[in-house]
Amino acid sequence: MKKLFTALLCAALTFSLLASCGNGNSGTNANNNGNNTSANQSSGSASDIELPELTGGFEAPILLTSAGQSADSDIIKTLCTKANITVELENQATAENLDGVKTLLISVGGSSKGLGAAGIDADQEIARVQDLIKAAQDADIKIVAMHVGGAPRRGDLSDKFLADPFHAADAAVVGSTGDSDGLIRGLLAENSVPTAYVDSQADCIGCLTTLFS
């Protein structure tokens, strides 16, 4: 009888220990699930941010300059020509070039070759762009920022030139492949800048027509 009682007691203790371990694992899983849910809820992508659509009202004369000294400014000038829009291109424009200008059009994208040809480094270019933007804002000149170089115009160098033009922009045109990480969209969202994302450079023509209609 004593042996039977001992066996039953051992069985009861074993069952109790197993149940306790099971409950502990359930609690851990629940906590993990809770943590995962919280992380998923807080990992919203900048690419989901909605931006206002482009509208017209931008006027000539238009000064086109570069932020980063890439050849994209030449591409944008060609696109403007195809849209029957006349622009004056001055890649190293300063406040002195703003006399009589109604719209400052900024081509955003860095090029080490372009910076070298201009005889300046990235910091000097950033300082020039900042001074130019401030002068334009002080003169109530509207600013349009364009990034049309796609993924090749992203990276350590080009990304240095993104913030100032897109923060200051009254409107923006961005190639979709150049903002796969949503960085540019995030900058534009801070001021709810009217923006168009395009799949090709040719699509910029319609955007320019809208802006300067």
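The values are calculated or read from the model by the stated rules, or taken from the named source; none is laboratory data. These numbers were taken from a predicted model, which means no experiment stands behind them. Here the Cβ is made from the backbone with ideal geometry for all residues, glycine too, and neighbour counts use every protein chain on show.
Here is a list: ALA11, ALA95, ALA7, ALA19. Which entry is among the hydrophobic types (A, V, I, L, M, F, W, C), out of contact with any strand residue (DSSP E or B) (no Cβ under 8 Å at 6 or more places or on another chain), modelled with pLDDT of 95 or more and surrounded by 10 or more Cβ atoms within 10 Å (Cβ to Cβ)?
Working: ALA11 fails: modelled with pLDDT of 95 or more; ALA7 fails: modelled with pLDDT of 95 or more; ALA19 fails: modelled with pLDDT of 95 or more.
Of ALA11, ALA95, ALA7, ALA19, the one residue that is among the hydrophobic types (A, V, I, L, M, F, W, C), out of contact with any strand residue (DSSP E or B) (no Cβ under 8 Å at 6 or more places or on another chain), modelled with pLDDT of 95 or more and surrounded by 10 or more Cβ atoms within 10 Å (Cβ to Cβ) is ALA95.
Anything in the range 171-208 that is closer than 14 Å to VAL144 by Cβ, surrounded by fewer than 16 Cβ atoms within 10 Å (Cβ to Cβ) and in contact (Cβ under 8 Å) with a residue 60 or more places away in the chain? List them, or say none.
Scanning the range 171-208 gives no hits.
Among the residues of the range 59-74, is any in a helix (DSSP H, G or I), touching a residue at least 40 places away in the same chain (Cβ under 8 Å) and out of contact with any strand residue (DSSP E or B) (no Cβ under 8 Å at 6 or more places or on another chain)? Talk me through it step by step, then tell me what you get.
To start, the set of residues in the range 59-74 that are in a helix (DSSP H, G or I) comprises 72-74.
Still in the running and touching a residue at least 40 places away in the same chain (Cβ under 8 Å): 72.
Right, trim to out of contact with any strand residue (DSSP E or B) (no Cβ under 8 Å at 6 or more places or on another chain) and you get none.
No, the conditions are met nowhere in the range 59-74.
Just to check your reading of the model, which residue among ILE184, ILE141 is closer than 21 Å to LEU98 by Cα and at pLDDT 95 or above? Quick ask: steps written out before the conclusion?
Details: ILE184 fails: closer than 21 Å to LEU98 by Cα.
After ruling out the rest, the residue left standing is ILE141.
Given the conditions (1) under 24 Å from SER200 (Cα atoms); (2) without any contact (Cβ under 8 Å) to a residue 60 or more places away in the chain; (3) not acidic (Asp, Glu), and given that LEU98 satisfies all but one, which numbered condition is not satisfied?
(1)
Only one of these conditions is not met by LEU105: (1) in contact (Cβ under 8 Å) with a residue 40 or more places away in the chain; (2) of a type in the set (A, V, I, L, M, F, W, C); (3) in contact with a strand residue (DSSP E or B) (Cβ under 9 Å, 6 or more places away or on another chain); (4) more than 27 Å from GLY182 (Cβ to Cβ). Which number is it?
Among (1) in contact (Cβ under 8 Å) with a residue 40 or more places away in the chain; (2) of a type in the set (A, V, I, L, M, F, W, C); (3) in contact with a strand residue (DSSP E or B) (Cβ under 9 Å, 6 or more places away or on another chain); (4) more than 27 Å from GLY182 (Cβ to Cβ), LEU105 violates only (4).
In this structure, does SER112 turn out to be farther than 21 Å from ALA171 by Cα, touching a residue at least 40 places away in the same chain (Cβ under 8 Å) and not β-branched (Val, Ile, Thr)? Walk me through how you get there before you give the answer.
Numbers: farther than 21 Å from ALA171 by Cα: yes; touching a residue at least 40 places away in the same chain (Cβ under 8 Å): yes; not β-branched (Val, Ile, Thr): yes.
Considered against the rule, which asks whether it is farther than 21 Å from ALA171 by Cα, touching a residue at least 40 places away in the same chain (Cβ under 8 Å) and not β-branched (Val, Ile, Thr), SER112 comes out as yes.
In this structure, does VAL148 turn out to be closer than 15 Å to LEU54 by Cα and surrounded by 19 or more Cβ atoms within 10 Å (Cβ to Cβ)? Break it down stepwise before answering.
Values: closer than 15 Å to LEU54 by Cα: no; surrounded by 19 or more Cβ atoms within 10 Å (Cβ to Cβ): yes.
No, not satisfied.
With the requirement that a residue be of a type in the set (D, E, K, R) and under 11 Å from the mean Cα position of the chain (by Cα), what does the range 184-200 give you? Before the answer, list the steps.
Initially, the range 184-200 is screened for residues of a type in the set (D, E, K, R), giving 185, 190, 199.
Residues satisfying the conditions are ARG185, GLU190.
Residues in the range 108-121: is at least one touching a Ser or Thr at 6+ places or on another chain (Cβ under 9 Å) and either among the polar types (S, T, N, Q) or closer than 21 Å to PRO61 by Cα (or both)?
Looking through the range 108-121, at least one residue is touching a Ser or Thr at 6+ places or on another chain (Cβ under 9 Å) and either among the polar types (S, T, N, Q) or closer than 21 Å to PRO61 by Cα (or both).
Restricting to the range 192-213, count the residues that are within 21 Å of LYS102 (Cα to Cα) and part of a loop (DSSP other than H, G, I, E, B).
Counting residues in the range 192-213 that are within 21 Å of LYS102 (Cα to Cα) and part of a loop (DSSP other than H, G, I, E, B) gives 4.
Scanning for something modelled with pLDDT of 95 or more, at positive phi and surrounded by fewer than 18 Cβ atoms within 10 Å (Cβ to Cβ), does the range 121-136 turn up at least one residue? I'd like the intermediate steps shown before the answer.
We begin by selecting, within the range 121-136, every residue modelled with pLDDT of 95 or more; these are 121-136.
In the following step, the residues that additionally are at positive phi were identified as none.
Taking every residue of the range 121-136 in turn, none turns out to be modelled with pLDDT of 95 or more, at positive phi and surrounded by fewer than 18 Cβ atoms within 10 Å (Cβ to Cβ).
Looking at the range 151-170 only, could you name the residues that are surrounded by 18 or more Cβ atoms within 10 Å (Cβ to Cβ), charged (D, E, K, R) and without any contact (Cβ under 8 Å) to a residue 60 or more places away in the chain?
ARG154
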